[in-house]
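Worksheet: one structure, shown below.
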Amino acid sequence: MDLKDHFEHLRTVHFSLIATCLVLLVVSTTSQNRTVRLAEDQLRSLQSIVGHWSELDFDSAIDRQVQASSMQVPHSRTLKFADSVLVPKPGSYVIDFVMPAWSPITSEQCTPWLYDSMLKRQPRTLADMHEVWDCLHTANSVAIPFAFSAEAAVLHGKKVSLESTPAPTAAGHLKLVFGKTSEDQRAAIRQAFGISVDYAFAGILYAKNGISENMIVPVEKERVISLNLVEPLRPLNPSFSVDSGLYKKAFPDLNEITADYEDLTFDKLSVILAAQRKHSDQTFEAFSVKFPSEAVARWGLVLLLGVQLYFLIHMASVQIRPDAEISIAWIPLYPNSLAQSVFVLTVAVLPPGTTGIIGHVGSITGHKGVDAAAVIVAILLSLLLAFQTLRVFAHHFSGPIAQKMVRMQIKGHRLF
């Protein structure tokens, strides 16, 4: 073959290799079949939340994160009321400041999903999970007590002093829970303390004689901290190890496909998505051959590796004489670094990268484990063909990049 014809053919095959990679990349990233598969994966990850909903302990996760915020709350104390007339029964009382103390800052819509055990709801539809997921990101702030005194409280509408006492026998027991104050509580605190607060420790003091009394310890200053409410989900699915944000961003393919029927149950949605995947008949065309999108992974890998091998065979047969003049417009023949660098990228980086991407578009053998192994083997073969092509380029072509490649060494051994 004439040298000029040889290089023109190499240029054509090189362009074909680039075109094959680009076509496969476009198909693999825009195929409806791929979108449906991603939507199915996203649906299964949400199903794992529904299936383990009763086991998810958001309160424990919140408690751990609140404790990590270095909040300081008094431990249980035995206190004596200075004015025993105001309590159900005179004497000393054990006062527990429930720890860790936190109060959610959220809407009525999100409270039943995450914070109110009496109203705890079970998500049943995709719309429910849409709402729950967004609540995990928008209802993820809690207030904790920051500045308050445990030496006085509001009791029976009046300010009373609380004195520590070593008395061994308590007349009663009281648990004070931190939370947002109601209008009546704020009014009572303003009247007794002369201050207006949004949060307080409150509880009901019960005596042995059955008499009860409301008690409030105002919190003068609270601190708001942000929580990671996705943390309890991480053991359910690897995809939850990275928080992707709100529902539409975290599950874009599922949101796109199921936008009109989120009110359906997960079982019905699974059937619908499976039917869409089964009947997806999109095709792509390369070199006048049409492939179904389901076969992108299988035949795309074969096609790409075949073009790489064909290109390597013709590259290896190049014999360039020192005095040869080649008037062909092809970038590896240009005597500048930019052109030859682009050539190296298109033969050494683009094909293996494309192989890795299209290998996950569809099933190759029908078995996930075998598919994963086949993709790894295909990537290694592509890298091997790319390396051999670069080796031929370094030894048979001239130019700044080819010369640098010839001189490259690792531990005294030439790389090419």
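Per the conditions (1) open to solvent by less than 90 Å² (accessible area, probe 1.4 Å); (2) part of a loop (DSSP other than H, G, I, E, B); (3) in contact (Cβ under 8 Å) with a residue 24 or more places away in the chain, the sole criterion not satisfied by residue 259 is (3). If the condition is being loosely packed, with under 12 Cβ neighbours inside 10 Å and in contact (Cβ under 8 Å) with a residue 12 or more places away in the chain, then region 365-416 contributes no residue at all.
The single condition among (1) free of Cβ contacts under 8 Å to residues at least 24 places away in the same chain; (2) within 27 Å of residue 41 (Cα to Cα) that residue 132 does not satisfy is (1). Criterion first (at pLDDT 85 or above, more than 21 Å from the chain's Cα centre (by Cα) and farther than 19 Å from residue 228 by Cα) does residue 12 satisfy it? It is true that residue 12 is at pLDDT 85 or above, more than 21 Å from the chain's Cα centre (by Cα) and farther than 19 Å from residue 228 by Cα. Selection of region 138-155 for residues being within 19 Å of the chain's Cα centre (by Cα) and buried (at least 18 other Cβ atoms within 10 Å of the Cβ) yields 139, 140. Do we have any residue at all in region 123-133 that's surrounded by 15 or more Cβ atoms within 10 Å (Cβ to Cβ), in contact with a helix residue (DSSP H, G or I) (Cβ under 7 Å, 6 or more places away or on another chain) and part of a loop (DSSP other than H, G, I, E, B)? Checked against the condition, which is being surrounded by 15 or more Cβ atoms within 10 Å (Cβ to Cβ), in contact with a helix residue (DSSP H, G or I) (Cβ under 7 Å, 6 or more places away or on another chain) and part of a loop (DSSP other than H, G, I, E, B), region 123-133 yields at least one hit.
So, residue 196, is that one of a type in the set (S, T, N, Q), outside any helix (DSSP H, G or I) and within 30 Å of residue 154 (Cα to Cα) or not? Criteria met by residue 196.
Looking only at region 301-341, filter to residues that are β-branched (Val, Ile, Thr) and either open to solvent by less than 30 Å² (accessible area, probe 1.4 Å) or under 44 Å from the mean Cα position of the chain (by Cα) (or both); which one of those is farthest from residue 355 (Cα to Cα)?
Taking the candidates together, the pick is 328.
For region 49-105, the tally of residues that are touching a helix residue (DSSP H, G or I) at 6+ places or on another chain (Cβ under 6 Å), small (Gly, Ala, Ser) and either part of a loop (DSSP other than H, G, I, E, B) or modelled with pLDDT under 70 (or both) stands at 0.
Listed conditions (1) at pLDDT below 85; (2) within 30 Å of residue 154 (Cα to Cα); (3) open to solvent by less than 50 Å² (accessible area, probe 1.4 Å) are all met by residue 208, apart from (3).
Could you tell me whether region 347-357 includes any residue that is open to solvent by less than 70 Å² (accessible area, probe 1.4 Å), at pLDDT below 90 and not in a helix (DSSP H, G or I)? No, region 347-357 contains no residue that is open to solvent by less than 70 Å² (accessible area, probe 1.4 Å), at pLDDT below 90 and not in a helix (DSSP H, G or I).
The values are calculated or read from the model by the stated rules, or taken from the named source; none is laboratory data. The structure displayed is predicted, hence computed values, not measured ones. Heads up, the Cβs are rebuilt from the backbone with ideal geometry, glycines too, and the neighbour counts pull from every protein chain shown. When the accessible area is computed, the model is the full protein with side chains, heavy atoms only, and any ligands, DNA or RNA have been set aside. Shrake-Rupley method; radii C 1.70, N 1.55, O 1.52, S 1.80 Å.
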